[in-house]
Each structure stands twice: as structure tokens, then as C-alpha cells.
Amino acid sequence: LIVIFKKWEIDSQEIINYQFLDNKNNWPTEVVYYRLRQVDFDGAFEHTQIVAIAKEGSFDARVYPNPSNGVIPVSIISDGKLVNPTLTIIDGFGKDVTPVANVVNLGGAYIINGTSLRNGIYFVEITTNNQKVVKRFMIAR
């Protein structure tokens, strides 16, 4: 684990870049989450937004909100080396309902328009680079 510290600036109006290198690469999962904590002189602190990082050569997906009323964003978390990901929607009975779901590709993210799907449990299957990730989601109106 290597942490590179940068001298802080008091009341700086400039953007300050920080670096962190996690070279252990023995994460128990394919994706890890990082955030920074900035502490002021008086002890007050703020956290940055959480950033998801995928292990090299792997990927994961986030389906949120879940349950949904029918419009489901799917974010793909990867090391940036995905090749032609395909997305398939499977219902609780194992039937491919992708054509009915109207999936929109936003380049690294997808929107599933499941307004024509019935209430129930579904699975989104993302396949790329000979890997597959399956996430469960529910439609409840």
C-alpha cells in the first residue's frame, strides 16, 4: 500500500490533485470503493463522493434504484477495457425479455425501460471479455 501525501494549502482556491496507489491487488472482491476524508484544523471534516474501482481485467455492475417503478439505470464499473458488452434481461421464469424491456446503451451505462414489464423479479446479465455479471432487480409499481 502506497499513499502519496501532498502538503495542504490553507484557504487554497486552486484544485489540488492527490494520488493513491493500492498495489497489493489482493482485494477480496472485483470492485473496491474509495473516498477521501478532509479534516480541518478545528476537527471538522467532509467526505468526498465514493468512487468505485474495478480490479484490472474485471468488471461489475450497479443496478439502482432497486426496487424500481420500471426505469432502471445500470452502471458498469470496469478497468476501462470492456469489449462490446451485451446486456440481457431475464425474468423470474428464465425467459429472455430483453426485446420487451427496450434497453438504451449510453456508452458505459444503460437504461432499462421496463415500463412494459410486469411487476416481479428480473435479472440483468452483462457479458463481456468472456466474463459475466448477473444482478437481480425488482419492478414494483
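The values are calculated or read from the model by the stated rules, or taken from the named source; none is laboratory data. The structure presented is a predicted model; accordingly, all values stated were derived computationally and were not measured. Note that we place each Cβ from the backbone using ideal geometry, even for glycine, and neighbour counts take in every protein chain shown. Ligands, DNA and RNA are stripped out before the accessible areas are found, and what is left, the full protein with its side chains, is counted by its heavy atoms. Shrake-Rupley method; radii C 1.70, N 1.55, O 1.52, S 1.80 Å.
Couple of notes before you dig in:
- All of (1) loosely packed, with under 12 Cβ neighbours inside 10 Å; (2) assigned to a loop (DSSP other than H, G, I, E, B); (3) not charged (D, E, K, R) hold for residue 38 with one exception: (2).
- Residue check, residue 76 at pLDDT below 90, crowded, with 18+ Cβ neighbours inside 10 Å, assigned to a strand (DSSP E or B) and not aromatic (Phe, Trp, Tyr): yes
- Only a single criterion out of (1) buried (at least 16 other Cβ atoms within 10 Å of the Cβ); (2) out of contact with any Leu (no Cβ under 7 Å at 6 or more places or on another chain) is not satisfied by residue 111, namely (1).
- Selected residue (criterion: farthest from residue 122 (Cα to Cα)) from residues of segment 43-73 that are open to solvent by 60 Å² or more (accessible area, probe 1.4 Å), part of a loop (DSSP other than H, G, I, E, B) and modelled with pLDDT under 85: 48
- The C-beta contact set for segment 44-70 (first residue on the phi > 0 side of the Ramachandran plot, second residue open to solvent by 100 Å² or more (accessible area, probe 1.4 Å), distance under 7 angstrom, 6+ apart or interchain) comprises 70/141.
- Strands (runs of 3 or more DSSP E) (entirely within segment 91-141) containing at least 1 residues that are touching a residue at least 24 places away in the same chain (Cβ under 8 Å) and more than 17 Å from residue 76 (Cβ to Cβ): 109-113, 120-128, 131-139
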